[in-house]
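The values are calculated or read from the model by the stated rules, or taken from the named source; none is laboratory data. Predicted model, so just to flag it, every value in this text is computed and none were measured. Note that each Cβ is placed from the backbone with ideal geometry, even for glycine, and that neighbours are counted across all protein chains shown. All accessible areas refer to the heavy atoms of the entire protein, side chains included, with ligands and DNA or RNA removed. Shrake-Rupley method; radii C 1.70, N 1.55, O 1.52, S 1.80 Å.
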Amino acid sequence: MLNIDPADNTERDNYKLLVGSIIPRPIAFVTTLSLGGVLNGAPFSYFNIVSSNPPMISLSIQHAAGKPKDTARNIMERQEFVVHIVDRDNVEQVNMTAAPLAPDQSEVSLAGLTPEPSSVISVPGVKEAKVRMECVLERAVEFPGFELLIGRIVRFHIAEDIYEQGRIDPLKLGAVSRLAGNHYAGIGEIFEIERPV
């Protein structure tokens, strides 16, 4: 087995080891609103659950060219954002939003996504997602090179046709995950193992 000291690697080498081994990663499509009213949208795979009581999620957003990305800046300024689960039906459009646009341009418009007003916060979501979560910023931790953002979910929006008996049907949701490079994965084989009591 290889024994690699990350201190001996470049940032890019460590990135390749992380994104190649920590798979599959769920993808958050995040909408934010700039102070000038521009609706920003971007995908992030450094994303996960933090807590269910209260319901909270985490986003880690790396800097671009040494500065915070529009998404992180908008979240810290407005203190709110919307997280959407990326699925087979919207992954192509979401992929388009990864284009490097100027802060005064909307990735949501570029990708042809449809803004949808939120119920509790001022930031719109998009209609094309089967699951979206309105979030308020609970905590922002700034590191050299990235921000770790914790959002508290204040409203869930779930498509009725994927919601059955209090649960989301994973096959109907059709969530996709990020692998390395240009690779994605869908929901593959599902198997069950009972947990010890």
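Of the residues 99, 175, 111, the one that moves most in a GNM of the chain with alpha-carbon contacts below 10 Å is 99.
Note on the chain: with a GNM built from Cα contacts shorter than 10 Å, the maximum mean-square fluctuation among 71, 32, 114 falls on 114.
Think of it as helices only: each DSSP H run of n ≥ 4 in the chain is worth -39500 (n - 2.57), and spread over all residues that comes to -4000 deg cm²/dmol at 222 nm.
The mean accessible area for residues of the range 79-197, using a 1.4 Å probe and ignoring ligands and nucleic acids, is 62 Å² per residue. Surface composition of the chain: carbon plus sulfur atoms hold 54% of the accessible area, using a 1.4 angstrom probe and ignoring ligands, DNA and RNA.
Expressed as a fraction of 2.2 N^0.38 Å, the C-alpha radius of gyration for the range 30-153 is 0.97. Bridgeable lysines around residue 69 (alpha carbons under 25 Å apart, same-chain partners fewer than 8 residues away excluded): 16, 127. Modelled spin-label separation between residue 92 and residue 21, with each label point placed 7 Å from Cα along the Cα-to-Cβ direction: 3.6 nm. Listed by chain and number, the lysines whose C-alpha is less than 18 Å from the C-alpha of residue 130, apart from same-chain residues fewer than 8 away, are 172. Between 48, 182, 95, the GNM of the chain built on Cα springs shorter than 10 angstrom shows 182 fluctuating the most. Modelled this way, with points 7 Å down the Cα-to-C-beta line, the labels at residue 159 and residue 190 are 1.5 nm from one another.
In percent, rounded to a whole number, the relative contact order of the chain is 23, using alpha-carbon pairs under 8 Å and six or more apart. Between residue 7 and residue 105, what's the calculated FRET efficiency when r is the beta-carbon distance and R0 is 35 Å? Round to 0.05. Plugging the Cβ-Cβ distance into 1/(1 + (r/R0)^6) gives 0.35.
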